[in-house]
Every structure is written in structure tokens, then in C-alpha cells.
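Asks: Here's a structure for you.
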Amino acid sequence: MKPSQVIQTLELVLPTKQPVFIHGSPGVGKSDVVRQLAARTKRPLVDIRATLLDPVDLRGIPHINGDGRAHWCPPDFLSNEENVILFLDELNAAVPLVQAACYQLVLDRKLGEYTMPENAVILAAGNKESDRSVVHRMPSALANRFIHINFDVDFDDWKLWAYSHDILPWVIAFLNSRPSLLQNFSPEKNEKAFATPRTWEKLSKVFEQQPSREIEAELAAGVVGEGPSIELLAFYRTYRSLPDPDLVIKNPTEAPVPEEPDAQYAIVGALTYKANEKNIAPILTYVARMPREFEVLLVRDVVKKNSDITAALAVRKWAAKNNDILLA
């Protein structure tokens, strides 16, 4: 399932209080989807990294009551908040004894003297066994307690997320031209750095600091891997040589239109970042001089970035003229 479908599925399952396990490769955004779900449903989220636990951590510690009998104090992270989402992240990377300690919690919604609130839910996530990450095979008894869903990277979903999280426009523009590089993890390569949605976000944050050209090649390779970084920096050089987007907007009928596809992706990315209700008309005038696929790309991305822009007269005229493409 792509990320938006994962969130829809989780929202559907929440009222049933059935536990769900999300399987996905490293860095695809499993944890982020759970955080988005908690925000959308206005539920408190308790994020527990199962790899950091010992089996006794879940049961808690004993104390002696006045009756002379031992009772157990549940750990603070086993929340008593109503509607809480208890998220067991990296569960299948935890040692088998920790996974076994989760049996009662997942099936019976209690653990020792702790009972989950009525409307609380348990979600879990972990890497795929085929990705050769640190994964312990989940015992069948525990696996059978979960609904299992697979998390797959989807470029359109990621791009919608990227526009709302201030990812650098030239990074988005580059991946528009090379969407297959959004996720190029391969367990066979055994690389330390590789491209994933998480590492592209990391690269954007690092390059916001404007590293010098002497170090940017090794820096990029250290974040997304050597192969993607070579293509990325070639694209970045093209991006930096583009005409000023503000000048394009001021003179859309005469501003130069690049001929190379990389440069066309780059200028569309720059204009998408700049687009708003006030300047969308000259931007559409300019991209109308480019191959039609770039015109469509800009409109679709501008709407992803700001859905309110569909009310602008220029966008409504463009949509009426190109209704056949939008319905395709």
C-alpha cells in the first residue's frame, strides 16, 4: 500500500481496536505515517522503541503492599490516556524475549496488572525480513495477533508530503525528473548511505545550510549514496544556472525557455515553489511555451502545494482548456 492508503486503512481499523503491524523497508516513513494518523485523529501517541526494552521493562517493577503481597508497578509508557495509540516501533528488531512479553499486551490488551484504556489501540512497525536489516523472525503466536500491511513508497504521496514540509524545491524538481531514485535501497549492495524518503529529507535540511562546493559532493554522497548524488549535483548545477524565477514571472512571454529536459524540470520546480494566487497567471503563460507535459506537471504540483489556488481565474481557465488531460 502507498502511504495515503496505509493511513486510510489505519483510520478504518482504529474503531475496531485491532492491532496492526506495518512492514516496510528502512527509511520509507512508517513512523511518520503513524504520527500523521495520530495528528489527524487527534489521539495521543506513545512511541515505544521495542529495541530499547528488556522483557522486565514491560511488566514493571514489584512493590509490597500492606497485605504483604508483591504487586507490579507498570512502566509509565504504558499510558492510561483514553484513545491513546500505543506504537511499538521496530518490534521485530527486538530480541525474542521482548517480543514474547508483548503477547498478552497485544492479544488481551493487558499486561500483568496493567489494562489498556477502553479505546486505546496498538500499532507496530518494523523492517522487512528480506531487507536484511536487524530483524528477529516474529514468533507465529505474536504475528497471528496482528493485521499485517505492507508499506510501499509512492512518489506522488511523497511529493504531497514534501511540499507541506518545506523540502527544497530543487530536490523535489530533481526527483520529478528521476522518481525512481526516491527509494533505491537494495539489501544486496550493503551500502551505508542510500536514497530513501528519510534521507532525501535529511539532504534537504543539510543543503539548507548552503555547504561550499568543495564539500557538497561528498556530503550528498554521504546522505543519499554515491550514484544518486552524482545525478543530483549535476541537476543542482543546472538549477543554479537558470534564469531568475522572479524575472520569468515579470516577463513570461520573453524570458528564455530552456531546451534540455533537466533544465525544464528545474525551472518548473522553481516556479512551482514561487507560485501563488497572484502570480499564477504569468507562470502559466510562461510554461505554455514549454512541452505540454511540463505545463501539466506544474499545474498538478502547484495544486498539491496549495489546493486553494484552484480558485484563481487563470487556473480555472487552464483547467477548462485542458480538461481532457486532467481526466486522463
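Read the figures in this text as sums done on the coordinates, not as results from a lab. This is a predicted model, so every value here is computed, not measured. Every residue, glycine among them, receives a Cβ derived from its backbone with ideal geometry; neighbour counts consider all protein chains shown.
Asks: Taking R0 as 22 Å, what's the FRET efficiency between C73 and A141 from their Cβ-Cβ distance, rounded to 0.05?
Replies: So, using R0 = 22 Å, E works out to roughly 0.25.
Asks: Of I122, L10, G227, which is farthest towards the positive pole of the chain's charge dipole, taken about the Cα centre with +1 and -1 on the beta-carbons of Lys, Arg and Asp, Glu respectively?
Replies: L10
Asks: Going by how many other beta carbons lie within 10 Å of each one, how would you line up T285, T310, T199, T272, fewest first?
Replies: Least crowded to most crowded, the residues run T310, T285, T199, T272.
Asks: Further question: Could you give log10 I(q)/I(0) at q = 0.23 Å⁻¹ for region 1-70, computed by the Debye formula over C-alpha point scatterers of equal weight, without solvent?
Replies: -1.12
Asks: Using DSSP to define loop residues, name the GluC sites (Glu not before Pro) in region 242-285 whose beta-carbon has at most 12 other beta-carbon atoms within 10 Å.
Replies: Here the sparse-neighbourhood loop sites are E254, E259.
Asks: Which log10 I(q)/I(0) values, to two decimals, does region 89-243 give at q = 0.15 Å⁻¹ under the Debye formula with one point per Cα?
Replies: Values returned for q = 0.15 Å⁻¹ are -0.88.
Asks: Pick out, from G68, Q99, V56, the residue whose Cα sits farthest towards the positive end of the charge dipole of region 30-101, with +1 on the Cβ of Lys and Arg and -1 on the Cβ of Asp and Glu.
Replies: Q99
Asks: I need S204, S164 ordered by Cβ neighbour count within 10 Å, fewest first.
Replies: Ordered by Cβ neighbours within 10 Å, fewest first: S164, S204.
Asks: Would you mind telling me which residue in R59, R49, R213 has the biggest mean-square fluctuation in a Gaussian network model of the chain, where springs connect alpha carbons within a distance under 10 angstrom?
Replies: R213
Asks: Here's another thing I want to ask about it. Which aspartates and glutamates, on any chain, are close to K274 with Cα under 12 Å apart, when same-chain ones fewer than 8 places away are left out?
Replies: Straight-line reach from K274, under 12 Å: D244, D246, D301.
Asks: Which of the lysines could be linked to K278 by a straight reach, that is with a Cα gap under 29 Å, when you skip same-chain ones fewer than 8 residues away?
Replies: K159, K205, K250, K304, K305, K317, K321
Asks: If you restrict to DSSP beta bridges whose two residues both lie in region 3-150, what percentage is antiparallel, to the nearest 5?
Replies: 25 percent
Asks: Shifting gears a bit: Normalise the Cα radius of gyration of the chain by 2.2 N^0.38 Å (N = residues in it) and let me know the number.
Replies: Dividing the Cα Rg of the chain by 2.2 N^0.38 Å gives 1.23.
Asks: A further question on this structure: If the chain between K250 and R49 were fully stretched, how many nm would it gain, using 0.36 nm times the residue separation less the Cα-Cα distance?
Replies: Fully extending the segment from K250 to R49 adds 67.2 nm.
Asks: How would V95, V268 line up from fewest to most surrounding beta-carbon atoms within 10 angstrom?
Replies: V95, V268
Asks: From the C-alpha gyration tensor of region 1-137, pull out the three semi-axes of the equivalent ellipsoid (sqrt of 5λ each), sorted largest to smallest, in whole Å.
Replies: 28, 19, 11
Asks: Please work out whether region 80-159 counts as rounded, prolate or oblate from its C-alpha gyration tensor, where a ≥ b ≥ c are the square roots of the eigenvalues and a/c under 1.5 means rounded, while otherwise a/b larger than b/c means prolate and anything else oblate?
Replies: Cα axes put region 80-159 in the oblate bin.
Asks: Using the 2.2 N^0.38 Å rule of thumb for compact globular proteins, work out how region 222-328 stacks up: its C-alpha Rg over that value, please.
Replies: 1.13
Asks: Something else now. Run the dipole for the chain about the Cα centre, Lys and Arg Cβ at +1, Asp and Glu Cβ at -1, nothing else charged, and hand back the magnitude in debye, nearest 20.
Replies: For this selection, approximately 540 debye.
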